[in-house]
1. Give the residue list of GluC sites (Glu not before Pro) in region 178-209 that are DSSP loop and have at most 16 other beta-carbon atoms within 10 angstrom.
2. For region 115-167, state which chymotrypsin sites (Phe, Trp or Tyr not before Pro) are in a DSSP loop and have at most 15 other beta carbons lying within 10 Å of their beta carbon.
3. Shape verdict for region 114-231, please, from the Cα gyration tensor: rounded (a/c under 1.5), prolate (a/b greater than b/c) or oblate.
4. In what sequence do Ser209, Ser125 fall when counting other Cβ within 10 Å, fewest first?
5. Among the lysines in region 114-231, how many pairs, 8 or more places apart or on different chains, have alpha carbons under 20 Å apart?
6. Please identify every one of the chymotrypsin sites (Phe, Trp or Tyr not before Pro) in region 199-235 that sits in a loop by DSSP and has no more than 15 other beta carbons within 10 Å of its own beta carbon.
Amino acid sequence: MDLRKYREKIGFVRFHAIAFIALCIVFYAGYKFANIQNNNLQAKKRLLDKSLANLSEEFQKQQSELNMLKVELEIAQIANEQSQSNIKEGINREQSLKEQISFYQRVMAPEMSQDGFVVEGVEVSPTLSENNYALQIILLQYEDVKAVVKGTLKVRVHGSENGKVKSYDLTELQDEPKTSLAFAFKYFQVLETSITLPEGFAVSRFELSTDIYKYRKKRGSYSRTVKWVEAFSED
């Protein structure tokens, strides 16, 4: 439509009034649209700020936990190093004590060790038969192992039978065929046999003794007493 003809038709004043009103409507609509856009942007900004704050808080929390883990790791490493050091010190102390014990045994109780020969252990365990037991004796040589040590072990079994003191030579209690208690070794030897105890006989201790030979020459004698409760094992 031709604006000039339309202005002449409705009049100058009315035309400009309508134009002014239209312009105001356009400005108002633009203002409202801009305001809505601004509100939307503000809402998005608040949401992003909140997300950023949450992420920052979570990061701080994770950083704090990481720092605590680092501290715990350092403490664990220090404790582990200390434990390793304590273990080494314990091993050294144990070795030193063993050497001292060995020295005092040779000086104060020579019968407990002869040229490094010892009865390292005696173990008794029950079998399926009544009053029948497996006997294991471990012999060890821990000094001057260049030569073979020889001998025959004698074992006396002490206890009580029907309320009276009683003792047996181990050979009297051994099952057939009887196992020899002779030994000949450079480092260690295990003697194994089985025994059957008489009815009513309660063992209290084993008394072990032997003469020690090296290079066909007697080097001395050895003896040791082992209590039944120390040797007995149910495993």
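1. Glu199
2. Answer by residue number: Tyr142.
3. prolate
4. Ser125, Ser209
5. Taking the Cα cut-off of 20 Å, the pair count is 21.
6. Of the chymotrypsin sites (Phe, Trp or Tyr not before Pro), the ones in loops of region 199-235 whose Cβ has at most 15 other Cβ atoms within 10 Å are Tyr215.
Read-outs throughout are calculated quantities, based only on the coordinates presented, and are distinct from any laboratory measurement. In this text, all values refer to a predicted model and were calculated from it rather than measured experimentally. Ideal geometry is used to build each Cβ from the backbone, glycine not excepted, and the neighbour counts take in all protein chains shown.
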